[in-house]
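Colleague: Next up is a structure, given as structure tokens.
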Amino acid sequence: MFLVSACLAGLNTRFDGTNCRNKHLQALVAQGRAFPVCPEQLGGLPTPREPIELFGREEEGLLNDTTKAIGKSGRDYTKNLLRGASEVLKIAANIKAREAFLKDGSPSCGCSYIRRGSKKINGKGITAAALLKAGVKVKSV
């Protein structure tokens, strides 16, 4: 069993209330071979929600004293993204996930890049980095 970003499974969990359905991943979820997760929702954020960007040491993915998750309005969502990553780690452990297919560009799920406005910034989202640190392979979709 593996994890998949809920938006890739066809669930309307993206910040704007839409999804990025991937038919193959959606079918695997329907067959019970994959488990959908949305770190932002697990961290207590609503859908839809304002866009959130990471500022600081994005290449590490994990937040430190200088990295913050900031919404378009200036609100700090750092604690929400950390809580969501923690919940995803619990799910990964419970289902013995060894791999995750995640939505690239997300401040939580980005595997190779995150977005800052219209730009792509090399780095990992909070959840992707936490999964890697826990020994779960992450792949971007």
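Read-outs throughout are calculated quantities, based only on the coordinates presented, and are distinct from any laboratory measurement. Since the model is a prediction, treat every value here as computed from it, not as a measurement. Neighbour counts are summed over all protein chains in view; Cβ atoms, including those assigned to glycine, are modelled from backbone coordinates with ideal geometry.
Colleague: What does the helix-only formula give at 222 nm for the chain: each DSSP H stretch with n ≥ 4 adding -39500 (n - 2.57), the total divided by the residues, and the result rounded to the nearest 500 deg cm²/dmol?
Modeller: On the way: 4 runs with 38 residues, N = 141.
Here the helix-only value at 222 nm equals -8000 deg cm²/dmol.
Colleague: Among [x] 54; [y] 49; [z] 59, which one is percent of Cα pairs over 18 Å apart computed from these coordinates?
Modeller: Evaluating percent of Cα pairs over 18 Å apart on these atoms matches [y].
Colleague: Here's another thing I want to ask about it. Hey, in the GNM for the chain with a 10 angstrom Cα cutoff, which one of 35, 55, 15 fluctuates hardest?
Modeller: Among 35, 55, 15, the largest GNM mean-square fluctuation belongs to 55.
Colleague: Out of all DSSP beta bridges with both ends in region 2-140, state the antiparallel percent to the nearest 5.
Modeller: Values: 9 of 20 bridges.
Restricted to region 2-140, the bridges split so that about 45 percent are antiparallel.
Colleague: Would you mind working out the magnitude of the charge dipole of the chain relative to its Cα centre, with +1 at each Lys and Arg C-beta and -1 at each Asp and Glu C-beta, to the nearest 20 Debye?
Modeller: Working: 23 positive and 12 negative charges, 58 e Å.
Magnitude of the dipole: close to 280 debye.
Colleague: Run the reach check for residue 23 against lysines, Cα to Cα strictly under 22 Å, same-chain hits fewer than 8 apart removed. What comes back?
Modeller: Filter leaves 103, 137, 139.
Colleague: Could you point to the residue in 18, 85, 44 farthest towards the positive end of the chain's charge dipole, with +1 and -1 charges on the Cβ of Lys/Arg and Asp/Glu respectively?
Modeller: Ranked along the dipole, the leading option is 18.
Colleague: Right, here's the next one. Using the membrane-span-like helix rule (whole DSSP H runs, Cα extent along the own axis of at least 15 Å, mean Kyte-Doolittle hydropathy at least 0.0), which helices of the chain qualify?
Modeller: Details: long enough: 78-95 (26 Å, 0.29).
Helices meeting the span and hydropathy rule in the chain are 78-95.
Colleague: Take 54, 11 and order them by how many other Cβ atoms sit within 10 Å, fewest up front. Spell out each step's value before the answer.
Modeller: Working: 54 27, 11 20.
Taking fewest neighbouring Cβ atoms as first place, the list is 11, 54.
Colleague: Also, quick follow-up: Once you place label points 7 Å from the Cα toward the Cβ at residue 90 and residue 68, how far apart are they in nm?
Modeller: Roughly 2.7 nm, to one decimal.
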